[in-house]
1. For residue 233 and residue 313, what does the FRET efficiency come to when R0 = 25 Å and r is the distance between their Cβ atoms, rounded to the nearest 0.05?
2. Need the full-extension length gain, residue 59 to residue 329, defined as separation in residues times 0.36 nm minus the C-alpha distance. One decimal, nm.
3. At a probe radius of 1.4 Å, what is the per-residue accessible area of residue 41, in Å² to the nearest 10?
4. Amide H of residue 34: which non-local residues (sequence gap of 5 or more, or other chain) have their own amide H closer than 5 Å, using H built in the peptide plane?
5. Kindly state, to the nearest 0.05, the FRET efficiency for residue 141 paired with residue 78, given R0 = 25 Å and r defined as their beta-carbon distance.
6. Once you charge only the Cβ atoms, +1 for Lys and Arg and -1 for Asp and Glu, what is the size of the charge dipole of region 121-217 about its Cα centre, to the nearest 20 debye?
7. Would you mind checking which residues have amide H under 5 Å from residue 320's amide H? H placed 1.01 Å from N; only 5 or more apart, or other chain.
8. Cα convex hull of region 17-68: mean projected area in nm², to one decimal?
Amino acid sequence: GNAGDGTVSVVDLVRLEKIATIPVGPSPSGLRAHPKFDQVWGASTEGGYAFVIDAATGRITSRIPVGAAPFAVDFSPDGRLAYVAASGSATLVAIDCRTGQVVARARTGRKPWLARVTPDGRHVLVPNRDDSTVEVFDASTLALLATIGVANHPEQLVILPDSSVAFVSATGSNEISAIDLRRRALITNLRLHGVPAALLLKPDGGELYVNVPDSHGLEIIDTWRTEISESMLLGSAPTDGTMTADGSLVYVSDVAAGRVTPIEMAARRLLLPITTGRHPGPCALDPSGDLLLVANEDSGDLAVIRVRTQSLITMIPVGSHPSSLAIKLF
């Protein structure tokens, strides 16, 4: 998704070339591949709608008004519903993915940053940045079930695979808030050494990796003990990242250094950094695990890295300021 020119670029991962450019509207963000359908969803932050792209044809099939300034989309585990929070209008909507119709709507607190569905599909969590709360909604009806106070200015959140605990990044106080979702109460706030950026949760939920650009590193949270277990120094400004399906290798993009650093997490060992374009941001591994894709926001291209050799294969020009990335096989 190219935030600078309101388009989505389509890249063929076999031929390694751009094959289409789809106009989607102003400031696209939060691209997500639908888990069941041949669709890619996203949000137009300035347009106030969610959009749906048919992956096979490359055409937009729906623009669904959701409210002012949406940033992200999430799906129910069965793929039936999509959820979007609109930060500018303090609303949360549920959308039927087959029909593109809004089927439920709720008011939220001030400046809801995004909506995240619990892995069991029962609840939707919304961090409200200006209220410093996380709201818990019933996923079917969007009835409000609880409002939980957290650290200052919550933005991102991740949820353990058993839906028991959520971890929320608080950019206003340099903390991670841990929430008990069964008791619907704050467990603790964990102090970081700077403003948290991306949150990377191991697939088994055992560790949470937090990029902290200010301290040039990665902080590791033991999710069972709910404590920061160690820190790793990575580079200039580590911000985003991804990991292999088994969590053994983590890739962290460094916006200031223009590179991606692979980390063997079991040994806590940094591998040789891989040079990308300027201001690398979102990263994703293709489903085979063979290719690592990195969107370079300032140079407007996509770095393609071969995982086996940890080497850059090519740079594919995409659009202006690519800021989100989704991979869909069909």
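1. Working: r = 28 Å, r/R0 = 1.13.
Computed FRET efficiency for residue 233 and residue 313: 0.30.
2. Working it through step by step, the gained length comes to 95.6 nm.
3. Estimated to the nearest 10 Å², residue 41 gives 0 Å².
4. For residue 34, whose amide H was placed from the backbone, the distant partners under 5 Å are 39, 40, 41.
5. Values: r = 16 Å, r/R0 = 0.65.
It comes to 0.95.
6. Numbers: 7 positive and 11 negative charges, 38 e Å.
It works out to roughly 180 debye.
7. The answer is 4, 5.
8. Mean shadow area of the hull around the Cα atoms is 3.8 nm².
The values are calculated or read from the model by the stated rules, or taken from the named source; none is laboratory data. Just so it is clear, the model here is predicted, and its values are computed rather than measured. Please note: Cβ atoms are built from the backbone with ideal geometry, for glycine as well, and neighbour counts cover all protein chains shown. Areas reflect the complete protein model, heavy atoms only, side chains present, ligands, DNA and RNA absent. Shrake-Rupley method; radii C 1.70, N 1.55, O 1.52, S 1.80 Å.
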